[in-house]
Amino acid sequence: MTLNRPLAAFAALNGAMAVALGAFAAHGAGPAVKTLLTTGAHYQIVHALLALACAVWPNRERLIDVAGWLGVVGGLVFALALWLIALLSLPAMGAVAPIGGVLMITAWLLLAFAAFRSRVVST
């Protein structure tokens, strides 16, 4: 198995960011923004894990790498859009959040496609 180091590192940094901002949402944010911050952190951590799984996927191929990058970037875009709405009162970022959502959905679909067409290599 080969590791996609850049994807794994980016996924890990996204995971750390999600935990930090999720903790802020739980302990330091006011009730008006808590839901947006928590939702952003949730989606970001889930897609950081998706990307990490893609980074260590056995029999890795380009499609798996693309799925990982789309997932982690989509999670980051979605989370950042929600955080900017919540923390800086930028409602225009509501138009950016769906872009992250489309990237995340595409990542899952690519991963499913790659999993179905993948051949198992026994050693």
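In nm, what is the difference between 0.36 nm times the number of residues separating I99 and E61 and their Cα-Cα distance? List each step's numbers first, then the result.
Working: separation 38, 0.36 × 38 = 13.68 nm, distance 2.49 nm.
That works out to 11.2 nm of additional length.
Using only the Cα atoms, what convex hull volume per residue in Å³ does segment 5-117 have?
Values: hull volume 9.3 nm³, N = 113.
Measuring per residue, one finds 82 Å³ for the Cα hull of segment 5-117.
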Exercise. Over segment 65-106, how many percent of alpha carbon pairs lie in each 5 Å bin up to the one with the longest distance?
Worked result: 6, 30, 28, 18, 11, 5, 2
Seminar exercise, completed: Scoring segment 5-117 by relative contact order with C-alpha pairs under 8 Å, at least six apart, yields a percentage of 27 percent
Exercise. In deg cm²/dmol and to the nearest 500, what is the mean residue ellipticity at 222 nm of the chain if only DSSP H runs of at least 4 residues count, each as -39500 (n - 2.57), divided by the residue total?
Worked result: -27500 deg cm²/dmol
Exercise. Using alpha-carbon pairs under 8 Å, 6+ residues apart, how would you state the relative contact order of segment 17-70 in percent?
Worked result: 29 percent
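Quick note: the coordinates plus some simple rules give every number you see, no bench work behind them. Small disclaimer: the values here were computed from a predicted structure and weren't measured.
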